[in-house]
There are 2 protein chains.
Amino acid sequence: MENIFTDDFFMKKALQEAEMAFEKGEIPVGAVVVVNNTVIARSHNLTEMLNDVTAHAEMQSITAAANYLGGKYLKDCTLYVTLEPCQMCAGALYWSQITKIVFGASDEQRGFMTMGTKLHPKTTVVSGVMADEAAELMKRFFASRRK
Amino acid sequence: MENIFTDDFFMKKALQEAEMAFEKGEIPVGAVVVVNNTVIARSHNLTEMLNDVTAHAEMQSITAAANYLGGKYLKDCTLYVTLEPCQMCAGALYWSQITKIVFGASDEQRGFMTMGTKLHPKTTVVSGVMADEAAELMKRFFASRRK
(Lines give C-alpha, C1' and ligand atoms only; values in the text may rest on other atoms or scores of the structure.)
Protein backbone atom coordinates (compact mmCIF):
# COMPACT_ATOMS: atom_id res chain seq x y z
CA MET A 1 0.00 0.00 0.00
CA GLU A 2 1.26 3.43 -0.88
CA ASN A 3 2.24 5.66 2.02
CA ILE A 4 0.28 8.89 1.70
CA PHE A 5 2.14 10.51 4.60
CA THR A 6 5.05 11.78 2.56
CA ASP A 7 7.03 14.96 3.17
CA ASP A 8 5.08 16.52 0.30
CA PHE A 9 1.80 15.65 2.03
CA PHE A 10 2.71 17.60 5.17
CA MET A 11 4.51 20.39 3.33
CA LYS A 12 1.25 21.04 1.45
CA LYS A 13 -0.36 21.74 4.82
CA ALA A 14 2.44 24.16 5.68
CA LEU A 15 1.91 25.82 2.29
CA GLN A 16 -1.80 26.21 3.10
CA GLU A 17 -0.75 28.05 6.25
CA ALA A 18 1.61 30.24 4.20
CA GLU A 19 -1.32 31.10 1.90
CA MET A 20 -3.28 32.24 4.96
CA ALA A 21 -0.41 34.52 5.93
CA PHE A 22 -0.37 35.90 2.37
CA GLU A 23 -4.06 36.73 2.55
CA LYS A 24 -3.45 38.72 5.75
CA GLY A 25 -0.62 40.72 4.18
CA GLU A 26 2.01 38.81 6.14
CA ILE A 27 5.23 37.47 4.62
CA PRO A 28 3.88 34.07 3.54
CA VAL A 29 5.56 31.45 5.68
CA GLY A 30 3.67 28.51 7.16
CA ALA A 31 4.55 25.61 9.42
CA VAL A 32 3.12 22.42 10.87
CA VAL A 33 4.45 20.00 13.49
CA VAL A 34 3.82 16.32 12.94
CA VAL A 35 4.16 13.35 15.28
CA ASN A 36 3.21 9.81 14.24
CA ASN A 37 1.73 11.15 10.99
CA THR A 38 -0.58 13.47 12.92
CA VAL A 39 -0.48 17.26 12.70
CA ILE A 40 -0.31 18.55 16.28
CA ALA A 41 0.37 22.24 15.52
CA ARG A 42 -0.11 24.58 12.59
CA SER A 43 0.68 28.25 12.25
CA HIS A 44 1.68 31.03 9.94
CA ASN A 45 3.70 34.18 10.23
CA LEU A 46 1.89 36.93 12.17
CA THR A 47 4.62 39.50 12.77
CA GLU A 48 2.61 42.37 11.29
CA MET A 49 -0.73 41.58 12.88
CA LEU A 50 0.83 41.02 16.30
CA ASN A 51 3.45 43.77 15.93
CA ASP A 52 5.96 41.23 17.15
CA VAL A 53 9.18 40.09 15.50
CA THR A 54 9.02 36.85 17.47
CA ALA A 55 5.71 35.75 15.86
CA HIS A 56 7.31 33.67 13.11
CA ALA A 57 5.40 30.55 12.03
CA GLU A 58 8.01 28.24 13.56
CA MET A 59 7.94 29.93 16.97
CA GLN A 60 4.18 29.61 17.22
CA SER A 61 4.28 25.97 16.14
CA ILE A 62 6.98 25.13 18.68
CA THR A 63 4.90 26.67 21.46
CA ALA A 64 1.69 25.00 20.27
CA ALA A 65 3.29 21.58 19.84
CA ALA A 66 4.84 21.70 23.32
CA ASN A 67 1.47 22.73 24.70
CA TYR A 68 -0.17 19.76 22.94
CA LEU A 69 2.49 17.33 24.15
CA GLY A 70 2.56 18.70 27.70
CA GLY A 71 6.35 18.93 27.65
CA LYS A 72 8.82 21.33 26.16
CA TYR A 73 10.93 18.87 24.16
CA LEU A 74 9.68 17.97 20.69
CA LYS A 75 10.82 14.36 20.71
CA ASP A 76 9.76 12.33 17.65
CA CYS A 77 8.37 15.50 16.10
CA THR A 78 8.97 16.84 12.61
CA LEU A 79 8.57 20.52 11.80
CA TYR A 80 7.54 21.27 8.22
CA VAL A 81 8.14 24.89 7.28
CA THR A 82 7.89 26.50 3.87
CA LEU A 83 11.01 28.66 4.26
CA GLU A 84 14.40 27.93 5.81
CA PRO A 85 14.27 29.00 9.48
CA CYS A 86 16.10 32.15 10.61
CA GLN A 87 18.60 32.39 13.49
CA MET A 88 15.84 32.94 16.05
CA CYS A 89 13.72 30.00 14.93
CA ALA A 90 16.72 27.68 14.54
CA GLY A 91 17.81 28.77 18.03
CA ALA A 92 14.38 27.86 19.39
CA LEU A 93 14.49 24.52 17.52
CA TYR A 94 17.89 23.90 19.11
CA TRP A 95 16.34 24.21 22.57
CA SER A 96 13.36 22.05 21.58
CA GLN A 97 15.65 19.14 20.60
CA ILE A 98 13.23 18.46 17.74
CA THR A 99 13.87 15.21 15.88
CA LYS A 100 13.54 16.48 12.30
CA ILE A 101 13.15 19.70 10.35
CA VAL A 102 11.87 19.70 6.77
CA PHE A 103 11.94 23.02 4.98
CA GLY A 104 10.97 24.20 1.52
CA ALA A 105 12.71 27.21 -0.03
CA SER A 106 16.18 28.26 1.08
CA ASP A 107 16.75 31.74 2.51
CA GLU A 108 20.23 32.53 1.37
CA GLN A 109 20.27 35.93 3.07
CA ARG A 110 18.88 35.21 6.51
CA GLY A 111 18.49 31.46 6.76
CA PHE A 112 20.16 29.61 9.62
CA MET A 113 22.49 27.74 7.29
CA THR A 114 24.07 30.92 5.94
CA MET A 115 24.04 32.47 9.41
CA GLY A 116 25.69 29.41 10.96
CA THR A 117 23.09 28.84 13.69
CA LYS A 118 23.60 25.52 15.43
CA LEU A 119 20.84 22.94 15.79
CA HIS A 120 20.71 20.21 18.42
CA PRO A 121 22.88 17.19 17.58
CA LYS A 122 19.70 15.04 17.70
CA THR A 123 18.08 17.00 14.86
CA THR A 124 18.16 15.97 11.21
CA VAL A 125 17.35 18.39 8.38
CA VAL A 126 15.76 17.85 4.98
CA SER A 127 15.68 20.82 2.61
CA GLY A 128 14.08 21.66 -0.73
CA VAL A 129 10.70 19.93 -0.23
CA MET A 130 8.23 21.74 -2.51
CA ALA A 131 10.74 24.57 -2.60
CA ASP A 132 9.44 25.94 -5.91
CA GLU A 133 5.91 26.35 -4.56
CA ALA A 134 7.17 28.12 -1.42
CA ALA A 135 9.54 30.39 -3.37
CA GLU A 136 6.81 31.20 -5.89
CA LEU A 137 4.48 32.28 -3.08
CA MET A 138 7.18 34.58 -1.65
CA LYS A 139 7.86 36.09 -5.09
CA ARG A 140 4.15 36.67 -5.65
CA PHE A 141 3.88 38.35 -2.24
CA PHE A 142 6.76 40.76 -2.76
CA ALA A 143 5.59 41.53 -6.32
CA SER A 144 2.14 42.42 -4.97
CA ARG A 145 3.71 44.70 -2.33
CA ARG A 146 5.71 46.63 -4.93
CA LYS A 147 2.55 47.58 -6.83
CA MET B 1 23.92 66.33 39.53
CA GLU B 2 24.69 62.67 39.56
CA ASN B 3 22.92 60.54 36.97
CA ILE B 4 21.13 57.76 38.82
CA PHE B 5 20.12 56.05 35.58
CA THR B 6 23.27 54.04 35.16
CA ASP B 7 23.62 50.59 33.62
CA ASP B 8 23.90 49.23 37.16
CA PHE B 9 20.60 50.87 38.09
CA PHE B 10 18.69 49.05 35.35
CA MET B 11 20.64 45.82 35.68
CA LYS B 12 19.53 45.68 39.32
CA LYS B 13 15.96 45.61 38.06
CA ALA B 14 16.82 42.76 35.70
CA LEU B 15 18.44 40.96 38.66
CA GLN B 16 15.23 41.39 40.66
CA GLU B 17 13.43 39.65 37.82
CA ALA B 18 16.04 36.88 37.84
CA GLU B 19 15.39 36.43 41.58
CA MET B 20 11.70 35.98 40.82
CA ALA B 21 12.56 33.24 38.32
CA PHE B 22 14.76 31.59 40.98
CA GLU B 23 11.90 31.55 43.46
CA LYS B 24 9.73 29.75 40.88
CA GLY B 25 12.36 27.10 40.24
CA GLU B 26 13.24 28.58 36.85
CA ILE B 27 16.81 29.11 35.63
CA PRO B 28 17.30 32.62 37.07
CA VAL B 29 17.52 35.02 34.15
CA GLY B 30 15.78 38.39 34.14
CA ALA B 31 15.43 41.22 31.67
CA VAL B 32 14.07 44.74 31.35
CA VAL B 33 13.69 47.04 28.36
CA VAL B 34 14.38 50.73 28.88
CA VAL B 35 13.61 53.74 26.72
CA ASN B 36 14.37 57.30 27.85
CA ASN B 37 15.30 56.02 31.31
CA THR B 38 11.88 54.38 31.69
CA VAL B 39 11.35 50.66 32.08
CA ILE B 40 8.75 49.65 29.49
CA ALA B 41 9.01 45.87 29.86
CA ARG B 42 10.21 43.43 32.51
CA SER B 43 10.25 39.66 32.50
CA HIS B 44 11.97 36.55 33.71
CA ASN B 45 12.55 33.10 32.38
CA LEU B 46 9.39 30.95 32.44
CA THR B 47 10.37 27.94 30.33
CA GLU B 48 9.40 25.42 33.03
CA MET B 49 6.14 26.99 34.11
CA LEU B 50 4.99 27.53 30.53
CA ASN B 51 6.51 24.27 29.22
CA ASP B 52 7.94 26.34 26.40
CA VAL B 53 11.55 26.64 25.29
CA THR B 54 10.75 30.02 23.72
CA ALA B 55 9.77 31.62 27.06
CA HIS B 56 13.20 33.11 27.79
CA ALA B 57 13.24 36.45 29.62
CA GLU B 58 14.46 38.31 26.53
CA MET B 59 11.72 36.95 24.25
CA GLN B 60 9.01 38.04 26.63
CA SER B 61 10.56 41.48 27.06
CA ILE B 62 10.86 41.96 23.28
CA THR B 63 7.18 41.10 22.83
CA ALA B 64 6.10 43.28 25.77
CA ALA B 65 8.20 46.28 24.70
CA ALA B 66 6.86 46.13 21.13
CA ASN B 67 3.36 45.92 22.54
CA TYR B 68 4.01 49.01 24.68
CA LEU B 69 5.54 50.93 21.79
CA GLY B 70 2.87 49.90 19.29
CA GLY B 71 5.49 48.89 16.74
CA LYS B 72 7.74 45.92 16.32
CA TYR B 73 11.10 47.73 16.10
CA LEU B 74 12.80 48.56 19.39
CA LYS B 75 14.31 51.87 18.29
CA ASP B 76 16.08 53.81 21.06
CA CYS B 77 15.55 50.86 23.40
CA THR B 78 18.09 49.14 25.62
CA LEU B 79 17.63 45.57 26.79
CA TYR B 80 19.23 44.74 30.14
CA VAL B 81 19.56 41.02 30.69
CA THR B 82 21.40 39.22 33.46
CA LEU B 83 22.86 36.51 31.20
CA GLU B 84 24.31 36.67 27.70
CA PRO B 85 21.47 35.96 25.24
CA CYS B 86 21.35 32.60 23.41
CA GLN B 87 21.05 32.10 19.64
CA MET B 88 17.26 32.33 19.73
CA CYS B 89 17.15 35.54 21.75
CA ALA B 90 19.97 37.16 19.78
CA GLY B 91 18.12 36.18 16.60
CA ALA B 92 14.97 37.86 17.92
CA LEU B 93 17.00 40.93 18.91
CA TYR B 94 18.41 40.99 15.37
CA TRP B 95 14.89 41.28 13.95
CA SER B 96 13.92 43.92 16.54
CA GLN B 97 16.79 46.22 15.45
CA ILE B 98 17.21 47.13 19.11
CA THR B 99 19.60 50.01 19.76
CA LYS B 100 21.56 48.56 22.67
CA ILE B 101 21.98 45.32 24.61
CA VAL B 102 23.56 45.29 28.07
CA PHE B 103 24.17 41.89 29.58
CA GLY B 104 25.63 40.64 32.86
CA ALA B 105 27.30 37.23 33.00
CA SER B 106 28.74 35.60 29.90
CA ASP B 107 27.46 32.21 28.76
CA GLU B 108 30.49 30.63 27.25
CA GLN B 109 28.66 27.45 26.28
CA ARG B 110 25.47 28.71 24.69
CA GLY B 111 25.79 32.48 24.49
CA PHE B 112 25.36 34.19 21.12
CA MET B 113 28.97 35.34 21.03
CA THR B 114 30.36 31.80 21.17
CA MET B 115 27.63 30.58 18.82
CA GLY B 116 28.33 33.35 16.32
CA THR B 117 24.75 34.67 16.10
CA LYS B 118 24.59 37.95 14.22
CA LEU B 119 22.94 41.06 15.66
CA HIS B 120 21.59 43.96 13.62
CA PRO B 121 24.29 46.41 12.48
CA LYS B 122 22.45 49.16 14.42
CA THR B 123 22.86 47.33 17.73
CA THR B 124 25.64 48.02 20.24
CA VAL B 125 26.53 45.59 23.02
CA VAL B 126 27.87 46.15 26.53
CA SER B 127 28.85 43.08 28.55
CA GLY B 128 29.86 42.31 32.11
CA VAL B 129 27.51 44.71 33.95
CA MET B 130 26.98 43.25 37.43
CA ALA B 131 28.23 39.99 36.00
CA ASP B 132 29.32 38.64 39.39
CA GLU B 133 25.84 39.05 40.88
CA ALA B 134 24.21 37.34 37.89
CA ALA B 135 26.74 34.49 37.85
CA GLU B 136 26.39 34.03 41.62
CA LEU B 137 22.62 33.68 41.27
CA MET B 138 23.05 31.02 38.57
CA LYS B 139 25.58 29.13 40.69
CA ARG B 140 23.27 29.27 43.70
CA PHE B 141 20.41 27.96 41.56
CA PHE B 142 22.29 24.99 40.14
CA ALA B 143 23.76 24.16 43.57
CA SER B 144 20.23 24.09 45.05
CA ARG B 145 19.05 21.81 42.24
CA ARG B 146 21.80 19.29 42.84
CA LYS B 147 20.68 18.81 46.43
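Descriptive notes on the structure:
- Scanning region B:100-147 for residues that are touching a residue at least 60 places away in the same chain (Cβ under 8 Å) and under 14 Å from residue B:28 (Cβ atoms) turns up B:104, B:130, B:133, B:134, B:137, B:138, B:140, B:141.
- Test for residue B:93: is it touching a Ser or Thr at 6+ places or on another chain (Cβ under 9 Å), within 14 Å of chain A (Cβ to nearest Cβ) and open to solvent by 70 Å² or more (accessible area, probe 1.4 Å): no
- Given (1) open to solvent by less than 40 Å² (accessible area, probe 1.4 Å); (2) under 18 Å from residue A:86 (Cβ atoms); (3) not small (Gly, Ala, Ser), number of the condition residue A:63 does not satisfy: (1)
- Qualifying residue in region A:113-126 (condition: open to solvent by less than 30 Å² (accessible area, probe 1.4 Å) and away from chain B (no Cβ under 14 Å)): no
- Residues of region A:5-23 that turn out to be open to solvent by 50 Å² or more (accessible area, probe 1.4 Å) and within 18 Å of residue A:100 (Cβ to Cβ), as a count: 6
- Residues of region B:24-45 that are surrounded by 21 or more Cβ atoms within 10 Å (Cβ to Cβ) and of a type in the set (A, V, I, L, M): B:29, B:31, B:32, B:33, B:34, B:41.
The values are calculated or read from the model by the stated rules, or taken from the named source; none is laboratory data. On a predicted model such as this, the values are computed, not experimentally measured, just so you know. Methodologically, a virtual Cβ is constructed for each residue, glycine included, from the backbone with ideal geometry; neighbour enumeration extends over all protein chains shown. Each accessible area value is taken on the protein alone, full model and side chains, heavy atoms only, with ligands, DNA and RNA left out. Shrake-Rupley method; radii C 1.70, N 1.55, O 1.52, S 1.80 Å.
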